[in-house]
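Working notes for the structure below.
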Amino acid sequence: MTVTELVPYEDALASYDPVMGLEVHVELGTKTKMFCGCSTELGADANSQTCPTCLGLPGALPVVNATGVESAIRIGLALHCEIAEWCRFARKNYFYPDMPKNFQTSQYDEPIAFNGYLDVQLEDGEIFRVEIERAHMEEDTGKSTHVGGATGRIHGARHSLLDYNRAGIPLIEIVTKPIEGAGERAPEVAKAYVAELRELIKALGVSEARMEMGQMRCDVNLSLRPNGTEKFGTRSETKNVNSLRSVERAVRYEISRHAGVLNAGGKIVQETRHFHEEDGSTTAGRIKEEAEDYRYFPEPDLVPVAPAREWVEELRGTLPELPRVRRNRLREEWGISEHDMQSILNAGAVDLIEATIAAGADSAAARKWWMGELARRANEEGTALAELPISPAQVARIAALVADGSLNDKLARQVIEGVLAGEGEPDAVVEQRGLKLVSDDSALGAAVDEAIAANAAIADKIRAGKVAAAGALVGAVMKATRGQADAARVRELILEKLGVEG
Amino acid sequence: MDIIKLTAAGIAEKIVSGELTAVQVTEAHLARIDAVDEKVHAFLHVDREGALAQARAVDEKRARGEKLGPLAGVPLALKDIFTTEGIPTTVGSKILEGWIPPYDATLTKRLKDADVVILGKTNMDEFAMGSSTENSAYGPTGNPWDLTKIPGGSGGGSSAALASYEAPLAIGTDTGGSIRQPAAVTGTVGVKPTYGAVSRYGMVAFSSSLDQGGPCARTVLDAALLHEVIAGHDPLDSTSIDAPVPPVVEAARNGSVAGMRVGVVKQFRGEGYQAGVLQRFDESVELLRELGAEIVEVDCPSFDLALAAYYLIAPSECSSNLARFDGLRYGLRTGDDGTRSAEDVTALTREAGFGPEVKRRVMLGTYALSSGYYDAYYGSAQKVRTLITRDFEKAFEQVDVLVSPTTPTTAFAIGERADDPMAMYLADLCTIPTNLAGNAAMSLPCGLAPEDGLPVGLQIIAPAMKDDRLYKVGAAVEAAFTERWGHPLLEEAPSL
Amino acid sequence: MPGITREEVAHLARLARLELQDEELDHFATQLDDIIGAVARVSEVAEQDVPPTSHPLPLTNVMRPDVVRPSLTPQAALSGAPAQEQQRFKVPQILGED
Ligand SMILES: [Mg+2]
Ligand SMILES: [Zn+2]
């Protein structure tokens, strides 16, 4: 095998125009599998969620999961697709040990949804329209573990162990039309598309779409054509690119690689490639001696799906506001920049902040707590923000206590800590930990007097007009009151007692 | 009283009245199997203990005063294509040798719920591919009329079990004639119900859009009683009909053709039809006329393409249905020496586990579906299917039922057509159009061919969902012939 | 109709995962050729404007509610396995996608 020189990205773009095609598989969050009643719950014992149908036992037959079809239609509608009046499942025939029947029940030339688009917003606010070819229903495969080779890789393994719990879980495959015109922004467009699709799927409530859990997986098709030409070049298909960052890197890498091959006068081989997280590179899959021939034909064990138009319209009525539209609305309501909104989105905090505001907090406070203290805690614990044991209502209550002067930020952080530790509602934590701000002037007055007496030299400087020195006395008072004083009020009292204008 | 010669209806009556116990009946049939099955080889597996336990449960039920179903305690021979929890299911193939399913087919469950006593599993052409039962990996079955002759196929074990009095009831499956052709050549009754009438869940698939389970018996009424037990909607089979089962038992009890219009299909005679078969068929038509039916000749031109369409559709579907037999999850595994890959082990397993006819059809189906050929072969075959359905629709605008010989010839000799697949395929010439269109058909005896003294079958074909017409006509024909012959046809079979 | 070559038969056997013996390749080449020659008649209707029938029943929209049904126990699921390990189906090394 010859080693390809990678062409620097900018140089590649100077000569070539990338065309992409993205295929995304989404595992639906239905309770049961696509064609049998086995549970889809994660984390079960190996092969404990299997039955004759999803094991492909002789004689077993499939029956379509109605919720799977409904989810597919809702995804199609959200992607502005047409919904088929009549469509069928087909068998895609090929042998693979993780596929019990040795055919995948999928859809072929009659997808349930087709001809749509998804507008994605790039970081500078530009909208790029990605056209959708089709969205179709199919089923997932089982999981194999390779034993005997290095680090569970298939190469060098002596044998493999198969768990079919995942076999038959509903998948929706969403295929774009060729994405042209992205130019140098191709990697960004690819990433933004997958990110937007993920948000959309989550907003529809049809899947959690967690890429790290394999609930959403992306295949990246890429080809280059010389700038100014029309005809598509030969494409490569990079399989299982399973994070947003990887999508961007895979496109970038393939652009550089293709350009290298083409510049050297070589030909791109139409092949599948594997993406490597470690260095962002791709390598060729096994060369197949002959092209796959899937021998598709209509699945004779299932009858056609012909969604009534009334049902489709009813489902259209259940669609949520598109994530991009909602984000723009919220961004304006909250008065923040695209960049801040992007950070909030990346942190998974949009819903949480919105709910906190709905519970009475002002938007600045809601953003501050979720993106500050709580984001830090989530990060430390390696958990998602939404999984912290604190609710938007609780955060709103803490924000209210700060707003009415009962807490300062430092105390509020302690209240958050108490709530996270399971000590109860914010008010109970304040009560039990004794976190109320000392605002009683007589109590504060005594502390101020003590501080002045103990720091006579500093007090003299202040009297002499060096107001800035008051900070040291404020610090002493705060220390004496273990932080439970309102620092602004302490400062006022000090200046008052020393007869200085603030 | 010779228990084994009783009808299923007769046995059920005697168990209800207390004249016989289910255990007595079961033991009598097990004894018969012991006596003759070495010669006939109808069974691949006899479940002695299970059958007796089922029989005892029926007797206990009766002792407790519980109401018994219409076939409670009646023994049955189950084609080895239906899964039976805890009992081997081989589909006549080496690739499933020793496989014990962890689940019951819906049909198996229904039989058990009806207190039918399952004696065991019957021999068949491997994966139901064949018309002679010679394609069984476990050796051929003999025709009780002449053990050197084939008992039909694929359900030759079930038809032979009936004709040899090893069981009064049996189950078959019919993809291109596998219930009707065996019934015809053994002088028994077999019904292919309307597609979707009997659940396919747990019936090992050959060709999903054609396969249909159905009842086999020695009388029309017995077939109807069994039909009623096994038919009905099953939510586990997406292609199951969600509608009431036609009144088949009532029809079988009230046989009549008076005032009916009966169609004779022009296409079902000519070259390849044995003279004695046509003679008995013509006599049957004459009998129908005498019984008050109006005979109409109907033209179904597309039937000429039925066999060709069938030998594209069935192999195509089977090439996919049989892909799951890969040696990885159940059944045979060959060549796993620790160095070979899963791919190689699968290919070696399938090579060793499948017989020649199965391989031939898997190859044919793979070809017909492969890119570049799909439209010419599979696609065209599906169009033929539409044309055949239209021919039936047109015919049924003119007539209530159609009749034809069930199969062009009587039973041929074991080995005679083994090396000539095309000759073998002709056995299903008259039965295949019904499978392609999905409507219902029955075969029942209409006499012996004069030249060889072997049974000839009369096929009755009804529109989809009108299965009751088969029984109404069948019962009338059966009664008239029995009266004419002075006894049921099977009485003329030599004793084993 | 052109005859089916031995190479075509070998290709079909690979697609169908059958390790056919040499004699079988020759035998099937002849037999498939005969059978296909006979069934190719269906293409007489290829030009006709007739909708295909893939299924004898005019049913549509047969679906089940998304309700969990009991699965097999892992023991039952694995009961037919030629080999198993750690409650999983043990299969020979997979030459695959890596
Ligand atoms: Mg797919
Ligand atoms: Zn399942």
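Please list the equivalent ellipsoid semi-axes of chain B, computed as the square roots of five times the alpha-carbon gyration tensor eigenvalues, in descending order and whole angstrom.
Working: eigenvalues 195, 174, 85 Å².
After scaling each eigenvalue by five and taking roots: 31, 29, 21 Å.
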Distance in Å, no decimals, from the C-alpha centre of the range A:247-325 to the one of the range A:466-502 is 65
For A:E381 the rounded accessible area (nearest 10 Å², probe 1.4 Å, non-protein molecules ignored) is 100
Between the modelled labels at A:R463 and B:R289 (7 Å from Cα along Cα→Cβ) the distance in nm is 14.1
Computed from every Cα-Cα pair in the range C:1-61, P(r) in 5 Å bins starting at 0 and rounded to whole percents is 4, 15, 18, 15, 13, 13, 12, 8, 3, 0
Spelling it out for A:G37: with amide H atoms placed in the peptide plane at 1.01 Å from N, the residues 5 or more places away or on another chain with amide H under 5 Å from its amide H are C:R69
Counting only protein heavy atoms and leaving out ligands, DNA and RNA, the solvent-accessible surface of A:K202 at a 1.4 Å probe, in Å² to the nearest 10, equals 90
Looking only at lysines whose Cα falls under 27 Å of B:K466's and that sit 8 or more positions away or on another chain, we get B:K79, B:K109, B:K112, B:K192, B:K266, B:K383, B:K394
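Can you pull out the GluC sites (Glu not before Pro) in the range C:22-58 that DSSP calls coil and that have at most 14 other Cβ atoms within 10 Å? Could the numbers behind the result be given before it?
Values: sites: C:E23, C:E24, C:E44, C:E47; in loops: C:E47.
For GluC sites (Glu not before Pro) across the range C:22-58 that sit outside H, G, I, E and B with at most 14 neighbouring Cβ atoms in 10 Å, the list reads C:E47.
Of the accessible area of chain B, with the probe set at 1.4 angstrom, what percent is carbon plus sulfur? Please list the in-between numbers first.
On the way: 7220 of 14400 Å².
The nonpolar share, carbon plus sulfur, comes to 50 percent.
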Karplus-derived 3J(HN,Hα) from phi for the range B:296-309 (6.51 cos²θ - 1.76 cosθ + 1.60, θ = phi - 60°), whole Hz, x at Gly and Pro, runs 10, 7, 10, 10, 10, x, 6, 4, 4, 9, 4, 4, 5, 5
Diffing the range B:81-90: the Karplus 3J(HN,Hα) column from phi (6.51, -1.76, 1.60, θ = phi - 60°), in whole Hz with x for Gly and Pro, holds 10, 9, 5, 9, 4, x, 10, x, 9, 10
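In the P(r) worked out for the range B:117-255, what percent of Cα pairs fall beyond 20 Å?
Details: 4061 of 9591 pairs.
Tail fraction, whole percent: 42.
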For B:K359, the net charge from surrounding residues (Cβ-Cβ under 9 Å; K, R +1; D, E -1) works out to 0
So the pair-distance distribution of the range B:399-496, from every Cα-Cα distance in 5 Å bins, comes to percents of 2, 12, 19, 20, 18, 15, 10, 4, 0
Taking placed amide H atoms and a strict 5 Å upper bound, the residues 5 or more places from B:G263 or on another chain that come that close are B:V296, B:D400, B:V401, B:L402, B:V403
Note on chain A: the mean projected area of its alpha-carbon convex hull, in nm², is 32.3
About its Cα centre, the range A:441-497 carries a charge dipole, from +1 on Lys and Arg Cβ atoms and -1 on Asp and Glu Cβ atoms, whose size in debye to the nearest 20 is 220
In terms of the charge dipole of chain B, which places +1 on Lys and Arg and -1 on Asp and Glu at the beta carbon, the residue among B:S238, B:A161, B:V456 farthest towards the positive end is B:S238
Computed from the beta carbon distance with a Förster radius of 35 Å, FRET efficiency for A:E5 and A:R316 to the nearest 0.05 stands at 0.10
Heavy-atom accessible area of A:H274, protein chains in place, probe 1.4 angstrom, given in Å² to nearest 10, is 30
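Report, to the nearest whole %, how much of the accessible area of chain C belongs to carbon and sulfur atoms, 1.4 Å probe, protein only. Don't skip to the end; give the middle numbers.
Details: 2600 of 5160 Å².
Carbon and sulfur atoms account for 50 percent of the accessible area of chain C.
What number comes out for accessible area per residue over the protein assembly as shown if the probe is 1.4 Å? Units Å², please. It would help to have the intermediate numbers written out before the result.
Values: 41110 Å² over 1096 residues.
Accessible area per residue: 38 Å².
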Expressed as a percent, the portion of alpha-carbon pairs in the protein assembly as shown spaced more than 55 Å apart is 32
Per 10 angstrom bin, beginning at 0 and ending with the bin that holds the maximum distance, the Cα pairs of the range A:441-497 fall in percents of 27, 62, 12
In square angstrom to the nearest 100, the accessible surface buried at the A/B interface, both sides summed with a 1.4 Å probe, amounts to 2700
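What do you reckon, how do B:K149, A:K33 stack up by accessible area (1.4 Å probe), largest on top?
Working: B:K149 45, A:K33 0 Å².
Descending accessible area places them as B:K149, A:K33.
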At the level of C-alpha centres, the distance separating the range B:268-296 and the range B:164-239, in angstrom, is 25
Computed over the range B:303-382, the Cα gyration tensor eigenvalues, each multiplied by 5 and square-rooted, give semi-axes in Å (largest first) of 30, 12, 9
At the level of C-alpha centres, the distance separating the range A:126-201 and the range C:19-98, in angstrom, is 25
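DSSP loop (so not H, G, I, E, B), at most 11 other Cβ within 10 Å: list which GluC sites (Glu not before Pro) in the range A:418-502 pass both filters.
Passing both the DSSP loop test and the Cβ count: A:E501.
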Excluding ligands, DNA and RNA, the carbon-plus-sulfur percentage of the accessible area of chain A with a 1.4 Å probe reads 49
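Accessible area, 1.4 Å probe, largest first: how do A:R295, C:R6, C:R88 sort?
Putting A:R295, C:R6, C:R88 in descending order of accessible area: C:R6, C:R88, A:R295.
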Residues of the range C:56-70 that bury at least 40 Å² of accessible area, probe 1.4 Å, when all protein chains are present rather than the chain alone, are C:P56, C:L57, C:L59, C:T60, C:N61, C:V62, C:M63, C:R64, C:D66, C:V68, C:R69
Checked against the positive end of the charge dipole of the range C:6-45 (+1 on Cβ of Lys and Arg, -1 on Cβ of Asp and Glu, about the Cα centre), the farthest of C:G37, C:L15, C:H27 is C:L15
Toy charge model, Lys and Arg Cβ at +1, Asp and Glu Cβ at -1: the protein assembly as shown dipole around Cα centroid in debye, rounded to 20, equals 1640
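Can you work out the FRET efficiency for the pair B:E297 and B:K5, with r the C-beta to C-beta distance and R0 = 25 Å, to the nearest 0.05? Walk me through the intermediate numbers first.
On the way: r = 39 Å, r/R0 = 1.57.
Computed FRET efficiency for B:E297 and B:K5: 0.05.
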A correct Karplus calculation of ³J(HN,Hα) over the range A:363-369, with 6.51 cos²θ - 1.76 cosθ + 1.60, θ = phi - 60°, whole Hz and x for Gly and Pro, returns 5, 5, 5, 4, 5, 4, 6
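What net charge do the residues around B:V285 carry, taking every other residue with its C-beta under 15 Å from that of B:V285, with Lys and Arg at +1 and Asp and Glu at -1? Walk me through the intermediate numbers first.
Details: positive: B:R261, B:K266, B:R269, B:R280, B:R289, B:R484; negative: B:D282, B:E283, B:E286, B:E290, B:E294, B:E297, B:D400.
The answer is -1.
Please list B:E393, B:E317 in order of solvent-accessible area, largest first, computed with a 1.4 Å probe with all protein chains present. Present the calculation step by step, with values, prior to reporting the outcome.
Working: B:E393 105, B:E317 0 Å².
These residues rank, largest area first, as B:E393, B:E317.
Classify the range B:64-185 from the C-alpha gyration tensor, please: rounded if a/c falls under 1.5, else prolate or oblate depending on whether a/b exceeds b/c.
On the way: a/c = 2.22, a/b = 1.37, b/c = 1.62.
Oblate.
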Projected onto their principal axes, the Cα atoms of the range A:348-433 stretch, largest extent first, over whole-Å spans of 30, 25, 18
Counting only residues 5 or more apart in sequence or on a different chain, those whose built amide H sits under 5 Å from that of B:Y201 are B:T106
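The values are calculated or read from the model by the stated rules, or taken from the named source; none is laboratory data. The shown structure was predicted, so the numbers you read here are calculated from the model rather than taken from an experiment. Using ideal geometry, Cβ is built from the backbone for each residue, glycine included, and neighbour counts are taken over all protein chains shown. SASA here: full protein model, heavy atoms, side chains in, ligands and nucleic acids out. Shrake-Rupley method; radii C 1.70, N 1.55, O 1.52, S 1.80 Å.
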